[in-house]
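Chemist: The structure's right below; bear with me while I get my questions together.
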Amino acid sequence: MPNNLNVTLNKATNPWTVDIDQQGNPNHVSQSPNAQTITWQLTGNAATGSFVSMTDPNPGFSWVSAPPSGIFGTPTPSNNGNQLTMTDLNNSASTVGTWTYILRVNVGGTVYTSLTTSITATNTNPTIVNK
């Protein structure tokens, strides 16, 4: 099953934040003997942007708390930067868990993050759930 996540900007927050569409649980990754690919695609009002470089001090993808080594591959942006892919090797009971991450995208010269820091904003920090 593909694990495709659409990424847009949430203009209802102040400042705007990166919103990952997790409806229908595309962030839930079932066990499989083979590595599966998770893909984040900039769409809608973020389609013209790109993920922040992975070599930046605040890269386009980072873990809030790192999962055990060997489960996830290195996040890799597409050539034009509007897509980010990563492998997930959820192949045993030891790879089951929930991990929160942060995405950062640059749209029109402004960097937006999925990390919600506003007291009034709803915490929608995205997760990957290996089940």
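The values are calculated or read from the model by the stated rules, or taken from the named source; none is laboratory data. All of these numbers come straight from a predicted model, not from anything done at the bench. In this analysis, Cβ positions are derived from the backbone assuming ideal geometry, glycine residues included, and neighbour counts consider all displayed protein chains. Surface areas here come from the heavy atoms of the whole protein model, side chains and all, with no ligands, DNA or RNA. Shrake-Rupley method; radii C 1.70, N 1.55, O 1.52, S 1.80 Å.
Chemist: Those residues that are open to solvent by less than 60 Å² (accessible area, probe 1.4 Å) and assigned to a strand (DSSP E or B), I need them from the range 61-80; list them, please.
Modeler: Hits for the range 61-80 are Phe61, Ser62, Phe72, Pro77.
Chemist: Let me ask something else. On the phi < 0 side of the Ramachandran plot, in a loop (DSSP other than H, G, I, E, B) and touching a Lys or Arg at 6+ places or on another chain (Cβ under 7 Å): which single residue out of Asn58, Asn34 fits that description? Please lay out each step first, then the result.
Modeler: Values: Asn34 fails: touching a Lys or Arg at 6+ places or on another chain (Cβ under 7 Å).
The conditions single out Asn58.
Chemist: Could you check the range 81-95 and list, in sequence order, the residues that are within 30 Å of Gly108 (Cβ to Cβ) and either open to solvent by 40 Å² or more (accessible area, probe 1.4 Å) or in contact with a Leu (Cβ under 6 Å, 6 or more places away or on another chain) (or both)?
Modeler: Residues satisfying the conditions are Asn82, Gln83, Thr85.
Chemist: Let me ask something else about it. Of (1) assigned to a strand (DSSP E or B); (2) under 17 Å from Asn130 (Cβ atoms); (3) open to solvent by 60 Å² or more (accessible area, probe 1.4 Å), Trp99 satisfies all except one. Which?
Modeler: Going through (1) assigned to a strand (DSSP E or B); (2) under 17 Å from Asn130 (Cβ atoms); (3) open to solvent by 60 Å² or more (accessible area, probe 1.4 Å) one by one, Trp99 breaks only (3).
Chemist: I would also like to ask the following. Which pairs do you get when a residue that is more than 19 Å from Thr100 (Cα to Cα) and modelled with pLDDT of 90 or more, found in the range 8-37, comes within reach of a residue that is of a type in the set (Asp, Glu) and open to solvent by less than 70 Å² (accessible area, probe 1.4 Å), reach meaning Cβ atoms under 7 angstrom, with the pair 6+ apart or on two chains?
Modeler: The qualifying pairs are Ala35/Asp88.
Chemist: Continuing with the same structure: Any residue that is under 17 Å from Asn106 (Cβ atoms) and open to solvent by 40 Å² or more (accessible area, probe 1.4 Å) - is there at least one of those in the range 22-34?
Modeler: Within the range 22-34, not a single residue is under 17 Å from Asn106 (Cβ atoms) and open to solvent by 40 Å² or more (accessible area, probe 1.4 Å).
Chemist: On to the next question. Test Ala46 against the criterion of being of a type in the set (A, V, I, L, M, F, W, C), open to solvent by 60 Å² or more (accessible area, probe 1.4 Å) and under 23 Å from Thr17 (Cβ atoms), and give yes or no.
Modeler: Values: of a type in the set (A, V, I, L, M, F, W, C): yes; open to solvent by 60 Å² or more (accessible area, probe 1.4 Å): no; under 23 Å from Thr17 (Cβ atoms): yes.
For Ala46, the condition - of a type in the set (A, V, I, L, M, F, W, C), open to solvent by 60 Å² or more (accessible area, probe 1.4 Å) and under 23 Å from Thr17 (Cβ atoms) - is not met.
Chemist: Anything in the range 103-123 that is at pLDDT 60 or above and among the hydroxyl-bearing types (Ser, Thr, Tyr)? List them, or say none.
Modeler: If the condition is that a residue be at pLDDT 60 or above and among the hydroxyl-bearing types (Ser, Thr, Tyr), then Thr110, Tyr112, Thr113, Ser114, Thr116 are the ones that fit.
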